[in-house]
Amino acid sequence: MSPSLTAALLAWYSRNARDLPWRRTRDPYAIWVSEIMLQQTRVETVIPYYERWMARFPSVRSLAQASLDEVLRMWEGLGYYRRVHQLHSAARRILRDHDGRLPESEAGWRRLPGVGSYTAAAVAAIAFNAHTLALDGNLRRVLARLFDLERDPLSPAGERLLREQAEPLLPPGGASLFNQALMDLGAVLCTPRAPRCEACPLAPECLANARGTQALRPVRPCRRAVPRRVAVAGVLRRRGLVLLGRRPPGKLLGGLWEFPGGKVEPGERPQAALRRELREELGIEVRVGAPLGRYRHAYAHFRVTVHAFLCHILEGEPQPLEHTTLRWVAEHRLPNYPMGKVDRAIARRLGGPQPGSGPPAE
């Protein structure tokens with residue numbers, strides 16, 4: 001990639017840059033929030049969440065001073081909840097240890113919870129114009145095609161080769177625009193399928209384009225089959241209230257509220273699994289009543305089908321044996337409790353307005 005092609009890339013970006021809300025500022029906090037939200041999430045999905053978030057938490061101080069429940073409510077539906085726990089934790093650390101001053105260096109960002117090498121490089125480059133390469137999925141794909149890389153760019157050896165060839169191309173004082181230009185090129189032209197090479201400013205020096213290997217780059221490891229699970233959830237009612245449990249921190253959907261339940265073991269009927277799970281989770285015996293629907297959802301590493309039922313307590317008083325706390329909640333107050341998509345869909349089935357959207361019941 002020659003300096004003239006770098007210039008062509010930046011000229012293309014000046015004409016075709018996407019108008020994204022986090023690009024209208026150089027505020028490192030706003031850029032940091034956008035980068036955390038964009039992890040494993042499409043831009044179109046992130047934009048409304050980002051705008052609501054920045055309206056409610058416009059500074060690292062306002063985020064640090066907010067309660068976890070309020071933070072989770074603002075994030076609900078965006079998924080990958082570990083991200084928001086770490087974002088909240090990092091904001092509190094910045095306020096406690098640095099009086100709200102955000103780091104400027106890539107190394108400083110990497111010391112914060114939830115900030116890996118890519119996010120640290122992206123915030124440092126975009127907000128502070130640090131001379132660094134932010135290797136997100138778009139950059140890895142563009143550069144793997146540009147250099148016709150025959151290794152997986154996510155592997156240590158593949159990343160090392162990309163950096164060796166791409167870092168010398170960073171224009172002095174232009175890292176912010178250079179990284180964002182490559183991000184947009186990957187999003188708009190050099191897409192995973194059917195790249196538009198005829199419109200690409202890198203095409204004259206792209207080795208994959210010259211050799212016809214665009215569809216083979218980037219090299220990817222063989223995908224494993226996605227595990228499928230079956231689970232159950234029970235809605236327990238008492239005097240117009242329903243029982244919610246708060247999931248332990250550090251686990252999937254940690255900190256969110258749920259209708260108690262759990263995994264269906266092989267060969268187990270859903271109703272029998274629910275009785276067992278509620279005995280193990282809450283220390284109670286129940287009668288499983290009417291079904292409340294079947295819900296499907298895909299997580300990062302598995303897919304799940306959840307069977308929900310009304311349940312009636314026969315013996316015992318619910319105890320938080322596997323939750324951090326339990327709470328009996330009026331149905332009209334369920335929107336105040338942050339939940340995962342499946343539990344929110346069950347809450348909607350019970351009636352009353354609910355925030356966000358989730359998988360429909362079958």
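The values are calculated or read from the model by the stated rules, or taken from the named source; none is laboratory data. Every value quoted in this text rests on a predicted model; they were computed, and no experiment measured them. When we count neighbours, we look across all protein chains shown, and the Cβ atoms used for this are built from the backbone with ideal geometry, even at glycine.
Annotations
- Matching option when the condition is modelled with pLDDT under 95, out of contact with any Gly (no Cβ under 8 Å at 6 or more places or on another chain) and under 26 Å from Leu202 (Cβ atoms), among Ala17, Ala7: Ala7
- Any hit, segment 123-138, residues being touching a residue at least 12 places away in the same chain (Cβ under 8 Å), outside any helix (DSSP H, G or I) and within 28 Å of His297 (Cβ to Cβ): yes
- Candidate set from segment 248-277 (those that are of a type in the set (A, V, I, L, M, F, W, C) and surrounded by fewer than 18 Cβ atoms within 10 Å (Cβ to Cβ)); member that is farthest from Leu326 (Cα to Cα): Ala272
- Among the residues of segment 131-148, the ones that are farther than 23 Å from Arg42 by Cα and surrounded by fewer than 23 Cβ atoms within 10 Å (Cβ to Cβ) come to 4 in all.
- In this entry, Arg275 passes the filter for residues that are of a type in the set (Lys, Arg) and farther than 12 Å from Val342 by Cα.
- Summed over segment 16-52, residues that are among the acidic types (Asp, Glu) and closer than 15 Å to Leu102 by Cβ total 2.
- Matching option when the condition is under 30 Å from Arg303 (Cβ atoms) and modelled with pLDDT under 95, among Arg239, Arg224, Arg246, Arg217: Arg224
- Segments classed as strands (runs of 3 or more DSSP E), wholly inside segment 257-337, with at least 3 members that are in contact with a helix residue (DSSP H, G or I) (Cβ under 7 Å, 6 or more places away or on another chain): 285-298, 303-315
- Figure legend. Inter-residue proximity from segment 45-61: first residues touching a residue at least 40 places away in the same chain (Cβ under 8 Å), second residues part of a helix (DSSP H, G or I), beta-carbon distance below 8 Å, spacing 6+ or different chains. Indicated pairs: Ser59/Tyr29; Val60/Tyr29; Val60/Ala91; Val60/Ile94; Val60/Leu95.
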